[in-house]
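Here the structure is laid out as structure tokens; the discussion comes afterwards.
Each value in this text was obtained by applying a stated rule to the coordinates, not by laboratory testing. The shown structure was predicted, so the numbers you read here are calculated from the model rather than taken from an experiment. In this analysis, Cβ positions are derived from the backbone assuming ideal geometry, glycine residues included, and neighbour counts consider all displayed protein chains.
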Amino acid sequence: MEAGLAQIREEVLRRNPGETEFFQAVDEVFNSLGPVMKRHPEYVEHGILRRMVEPERQITFRVPWVDDKGVVKINRGFRVQFNSALGPYKGGIRFHPSVYLGIMKFLGFEQVFKNALTGMPIGGGKGGADFNPSGRSEGEIMRFCQSFITELYRHIGEHTDVPAGDIGVGTREIGFMFGQYRRITNRFEAGAFTGKGVSWGGSLVRPEATGNGVVMFANQMLKTIGTTLDGATVTVSGSGNVAINAINYATSLGATVLTASDSSGYVVDEQGIDIELLRQIKITERARISEYAERRERAHFVSDGSIWEVPVDVAIPCATQNELSGDDAATLVMNGVKAVAEGANMPSTHQAINTFREAGVLFGPGKAANAGGVATSALEMQQNASRDTWSFDYTHSRLEENMEDIHDRCIATAEDFGHPGDYVIGANIAGFLKVADAMIAQGVV
Ligand code: GLU
């Protein structure tokens, strides 16, 4: 690594103790920036790197609420407003017991580059709480969302910071948060959140966008080697919104998706996952994935072992960070995987990414491959700003164009900086340049 980059990397490690995921995300970007620093020493003079690794603002707050038994509960809420050089902070809210500042900062940092890559006028941020929605009643979820917004409302707004969903936060939770925001502010400010219900300012295609987008990206990568998803076998991990839509869209393009998973294990269905059954179990009933195998004779459930042991042409990790290790990557490579597209944020470890790249596997990093969600959030903001509603087909075609642009931008940038075909380098450099140039133009702020 170039000396200037290495020094700042060490500072990030020292100044953010214990925040391993944040350091991993920074390290991953810095590993790509060598060729940029050689060509553009001005970025060092302007202190761009040191500014980029320090969030503009981070808010931590108490979220008190009362459960159904009358017991007072306390969670910790966060919003990390990372960079607003390109537009209002934009990024999801995650409710998961693992949430702490290091995860919020990794997600916020990734979001800055991802959002830049979409070409849309959005900065990057992320929020959430260490709240576990699993097993909670609808009343408890609503009270939690209301308490969360009772503090957060003062920090967000359509021109300031626009939250959306992430793990544990979907249309239902956005509804409760938007309702509380509207009540406190006495404003119907549709553009203050994305991922809203369609009848109250949401965009068609937004629920499907991340899952469909990652499949579009995988297909575009495959086209560069003269093939497509049609007839391919695919592993998808996860069974949340991203995974379900990725399975559905890949199937519609002619692929056979063999798997789905949750934290208890995974199911293999050799004839292809039955999307309606999966939806019924995971969305309607909010039950365990093992139920799928119970109700479908030809499928089996695996509670130990790794989902990545299933031999496939294409792997699409859609569960969570660091779910795919170096060993898992080696297994996929050994079994002949052709392409990997990340639907989740940072699902592959550093070793896994290197294993794929060394083996010449097409590898689409999350900040490019899963950008369809936030890109469609930006389309929702456009509709809200013009008080318009677009058709499903028009919105879908905008998403498709956007994913193609992102893919081509990665390819062109990787080529320009001497690493043809390397989507990691392409995505990191293209995102970085856009943000860095805007920061220089706007002075030391
Ligand atoms: N949470 C999603 C992501 O990781 C979507 C964010 C958004 O739509 O603002 O990109």
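In the range 200-309 the Cα-Cα distances spread across 10 Å bins starting at 0 as 15, 46, 30, 9, 0 percent of all pairs.
Available extension along the chain between residue 416 and residue 330 is 28.0 nm, counting 0.36 nm per residue and deducting the alpha carbon span. For the chain, the Kirkwood radius over C-alpha pairs fed into Stokes-Einstein at 37 °C and 0.692 mPa s yields D = 149 µm² per second.
How big is D, in µm² s⁻¹, for the range 39-152 by Stokes-Einstein at 4 °C and 1.567 mPa s if Rh is the Kirkwood radius over C-alpha pairs? Intermediate values should be presented prior to the final figure.
On the way: Rh = 15.3 Å.
Answer, rounded: 84 µm²/s.
What order, most packed first, do the peptides 153-165, 249-261 have when packing is the mean number of other Cβ atoms within 10 Å of each residue? List each step's numbers first, then the result.
Numbers: 153-165: 20.0, 249-261: 21.9.
Ranked by mean Cβ neighbours within 10 Å, highest first: 249-261, 153-165.
One chain, two ends: residue 171 and residue 54. Fully extended at 0.36 nm per residue, the span grows by 39.0 nm beyond their Cα-Cα distance.
In a fully extended conformation the segment linking residue 433 and residue 183 would gain 86.0 nm over its present Cα-Cα distance, using 0.36 nm per residue. What the Cα atoms of the range 279-437 give is an Rg and a Dmax of 18.5, 56 Å. For a straight C-alpha distance cut-off of 22 angstrom, the lysines reachable from residue 196 (same-chain residues fewer than eight places away being disregarded) are 90, 114, 126, 282. With the biggest extent put first, the Cα atoms of the range 91-130 measure 33, 14, 10 Å across the principal axes. Each 10 Å bin from zero up to the one holding the largest Cα-Cα distance in the range 158-246 carries the following percent of pairs: 15, 38, 24, 16, 6, 1. In this simple spin-label approximation, residue 76 and residue 391 carry label points 7 Å from Cα along the Cα→Cβ vector, and these lie 5.0 nm apart. Between residue 67 and residue 227, the simple spin-label model (points 7 angstrom out along Cα→Cβ) gives 4.9 nm.
Backbone amide hydrogens, once placed in the peptide plane, bring residue 125 within less than 5 Å of 82, 90, 91, excluding anything fewer than 5 places away on its chain.
With each run of n ≥ 4 DSSP H residues scored as -39500 (n - 2.57), what mean residue ellipticity at 222 nm is computed for the chain after dividing by its residue count and rounding to the nearest 500 deg cm²/dmol? Display every interim value, and only then the final one.
Details: 18 runs with 207 residues, N = 445.
Here the helix-only value at 222 nm equals -14500 deg cm²/dmol.
How high is the relative contact order of the chain, in percent, with contacts defined as C-alpha pairs under 8 Å that are six or more residues apart? Each step should come with its number before you reach the end.
Details: 919 pairs, mean separation 68.1, N = 445.
About 15 percent, as a whole number.
Applying the criteria of a DSSP loop state and at most 10 other Cβ atoms within 10 Å to the trypsin sites (Lys or Arg not before Pro) of the range 46-100 yields 69.
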